[in-house]
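Asks: Before we start, here is the structure in question, set down as structure tokens.
The values are calculated or read from the model by the stated rules, or taken from the named source; none is laboratory data. A quick note: this is a predicted structure, and the numbers were derived from the prediction, not measured. Every residue, glycine as well, gets a Cβ built from its backbone with ideal geometry; the counts of neighbours run over all protein chains shown. For the accessible areas, the whole protein counts, side chains as well, though only heavy atoms, and no ligand, DNA or RNA atoms are used. Shrake-Rupley method; radii C 1.70, N 1.55, O 1.52, S 1.80 Å.
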Amino acid sequence: MGYGVRMQTLAVDHPLVAHKLTTLRDERTDSPTFRRLADELVTLLAYEATRDVRVSEVTVQTPLAPATGVRLASPKPLVVPILRAGLGMLDGMTRLLPTAEVGFLGMIRDEGTLQAQTYATRLPDDLSGRQCYVLDPMLATGGTLAAAIQLLLDRGATDVTALCLLAAPEGLKYLEAVFEGTSTPIRVVTAAIDSHLNEQGFIVPGLGDAGDRLYGVV
């Protein structure tokens, strides 16, 4: 998939992305290695996801002469990891955007209904004019990510980009349907688009439960 007309989807085609993702998929990869590789992979995805980050022109003085360049514009971008698995993507994102502000959103998927439920929010009430970057490792059914994006839009966000390690076609189609006609730019940047969801709503071939592989089964 390339950039679409409404919601934009980008599966990053890069050898380093594919290499790191392959090791993440391997069931033999332990949690410390999984966390490190996820962190590195997110930084690569963030490079692509921030191509449209807003900047303003500035002039600086080099040792030889003035030079025109850019700096991140105000208001600062907001990075929003979805707890708990999204925390494993936070350092990789803020490494590339160290001046960004960070909010937190706690959401959980009901395994019976597959619907997202919000249990915690730590976000500004007013996101007018803000570019937001949502971190969610697995875009499966799309319910959790759609709910998170809608919450940001309801608070005034004017640009939302989701970073996902993996995405399923069903989840992408769901997001496209939910946000069809929305004027706010919405993007999904992922390392790969996998085959399908199984009956339990897990991505196939996928990499398992990202939260459990990052932090263990609790």
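Asks: If packing is taken as the average count of other Cβ atoms within 10 Å, what order do 26-37, 155-166 fall into, highest mean first? List each step's numbers first, then the result.
Replies: Values: 26-37: 12.8, 155-166: 23.3.
Result, highest mean Cβ count within 10 Å first: 155-166, 26-37.
Asks: Still on this structure, I have one more. Helix-derived [θ] at 222 nm for the chain: sum -39500 (n - 2.57) over DSSP H runs of at least 4, divide by residue count, nearest 500? Walk me through the numbers before you get to the answer.
Replies: Values: 6 runs with 65 residues, N = 218.
Value at 222 nm, helices only: -9000 deg cm²/dmol.
Asks: Only helices at least 18 Å long along their own axis, judged from Cα atoms, and with Kyte-Doolittle mean hydropathy of -1.0 or greater: name those in the chain from DSSP H. Spell out each step's value before the answer.
Replies: On the way: long enough: 31-49 (26 Å, 0.16).
TM-like helix candidates: 31-49.
Asks: Of Pro81, Pro66, Pro205, which is the most mobile in a GNM of the chain whose springs link Cα atoms less than 10 angstrom apart?
Replies: Looking only at Pro81, Pro66, Pro205, the largest GNM fluctuation is found for Pro66.
Asks: While we're on this one: Compute the Cα gyration tensor for the stretch 79-186, then decide on rounded, prolate or oblate, letting a ≥ b ≥ c be the square roots of its eigenvalues: rounded whenever a/c is under 1.5, prolate when a/b is larger than b/c in the other cases, and oblate in all that remain.
Replies: Cα axes put the stretch 79-186 in the rounded bin.
Asks: Give, in nm to one decimal, the length gained when the segment between Ala65 and Asp212 is fully stretched (0.36 nm per residue of separation minus the Cα-Cα distance). Please list the in-between numbers first.
Replies: On the way: separation 147, 0.36 × 147 = 52.92 nm, distance 5.30 nm.
Gain in length upon complete extension: 47.6 nm.
Asks: On a C-alpha basis, how far is the centre of the stretch 123-146 from the centre of the stretch 160-181 in Å? Whole number, if you could?
Replies: Answer, in whole Å: 11.
Asks: A further question follows. Run the numbers for Arg35 and Phe104: contour at 0.36 nm per residue of separation, minus the present Cα-Cα distance, in nm. Before the final figure, lay out each step's value.
Replies: Details: separation 69, 0.36 × 69 = 24.84 nm, distance 1.91 nm.
Additional length available on full extension: 22.9 nm.
Asks: Could the peptides 93-103, 138-148 be put in order, highest first, of the mean number of other beta-carbon atoms found within 10 Å of their residues?
Replies: Working: 93-103: 16.4, 138-148: 23.5.
Packing order, densest peptide first, comes out as 138-148, 93-103.
Asks: Could you pull the accessible area for Arg130 with a 1.4 Å probe, rounded to 10 Å²?
Replies: Rounded to the nearest 10, that gives 20 Å².
Asks: Considering Cα pairs under 8 angstrom that are at least six residues apart, work out the relative contact order of the stretch 1-141 and quote it in whole percent. List each step's numbers first, then the result.
Replies: Details: 180 pairs, mean separation 27.6, N = 141.
Contact order relative to length: 20 percent.
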